[in-house]
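Undergrad: Dumping the structure here so I can ask a few things about it.
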């Protein structure tokens, strides 16, 4: 049975793994390791030819996984991602055309922002949950902290350059609900198909909270 869509992807876990899958055969064991480690929301980026197949494999074979598509750039990719089994959508930025397609998709979505004007424009359109990208390059925790006062209704998932050392600083901010990252998926572990290591790193990430303590 397919689990119901969440009210908010941001509330599923403190970290959303950002996954690049080169070989679709890795999708299921990789996703199982992440879910076992406590990270159910999995963003598979549309950066490789295997991405849509990987999304379909995870959606069909990994109970407990909430798989989504990342790096969504066009209405066509919105349609393909949802058809493949995506339960949420993430974009690095947004346009009116892309936003309309994501709103019409019927699944939760996180449009990307990096400026105050983009945040205000989304709030005008009724969108309160956003991806802040590229987080470190766009101003990091200092920038997001400065947005919390004038725009408290906006909720963010910062992604880009964040690791286990910096994640707690982001999670301590009142307008940050979770962070996105790929540190629990080191290239050598994925290449070696060391899913036990991935699970252990995922479990450590799932325990992160503000101030660096475990939940």
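Undergrad: Between 144, 52, 173, which gets the highest mean-square fluctuation from a Gaussian network model of the chain, Cα cutoff 10 Å?
TA: Answer for the Gaussian network model of the chain: 173.
Undergrad: Considering only DSSP beta bridges where both residues belong to the chain, give the percentage that are antiparallel (nearest 5). Spell out each step's value before the answer.
TA: Working: 1 of 22 bridges.
Taking every DSSP beta bridge within the chain, about 5 percent pair in antiparallel fashion.
Undergrad: Now, a different point. Quick check on region 1-113: what are the equivalent-ellipsoid semi-axes from the Cα gyration tensor, as sqrt(5λ), descending, whole Å?
TA: After diagonalising the Cα gyration tensor, the semi-axes are 21, 15, 12 Å.
Undergrad: Rounded to the nearest Å, what's the spacing between the alpha carbon centres of region 134-194 and region 103-126? Just the number, please.
TA: 18
Undergrad: Can you tell me which of 63, 134, 14 moves the most in a GNM of the chain? Springs connect C-alpha atoms under 10 Å apart.
TA: Comparing 63, 134, 14 in a Gaussian network model of the chain, the most mobile one is 63.
Undergrad: If contacts are Cα pairs under 8 angstrom and at least 6 residues apart, what is the relative contact order of region 11-207 in percent? Kindly include the intermediate steps, with their values, before the conclusion.
TA: On the way: 396 pairs, mean separation 44.4, N = 197.
Computed over region 11-207, the figure is 23 percent.
Undergrad: Over region 70-142, with a single point scatterer placed on each C-alpha, what log10 of the ratio I(q)/I(0) does the Debye formula yield at q = 0.11 1/Å?
TA: After summing over all Cα pairs, the log10 values are -0.26.
Undergrad: Per DSSP H run of at least 4 residues, take -39500 (n - 2.57); add these up for the chain, divide by its residues and hand me the 222 nm value, nearest 500 deg cm²/dmol.
TA: Calculated at 222 nm, the ellipticity per residue is -10500 deg cm²/dmol.
Undergrad: How would you rank 183, 94, 195, going from fewest to most other Cβ atoms within 10 Å of each one's own Cβ? Working shown, then result.
TA: On the way: 183 16, 94 24, 195 20.
Ascending Cβ contact count within 10 Å gives the list 183, 195, 94.
Undergrad: If you rank 188, 23 by fewest surrounding Cβ atoms within 10 Å, what's the result?
TA: Going from sparsest to densest Cβ surroundings: 188, 23.
Undergrad: Could you check the spin-label model distance between residue 22 and residue 192? Points 7 Å from the Cα along Cα→Cβ, value in nm.
TA: 1.6
Undergrad: Another question about this same structure. Would you compute, for the Cα atoms of the chain, the largest minus smallest coordinate along each principal axis and list the three values in descending order, in whole Å?
TA: 45, 40, 30
Every number in this text was worked out from the coordinates using simple rules, so none of it is lab data. None of the values given here were measured: they were computed from a predicted structure. Note that we place each Cβ from the backbone using ideal geometry, even for glycine, and neighbour counts take in every protein chain shown.
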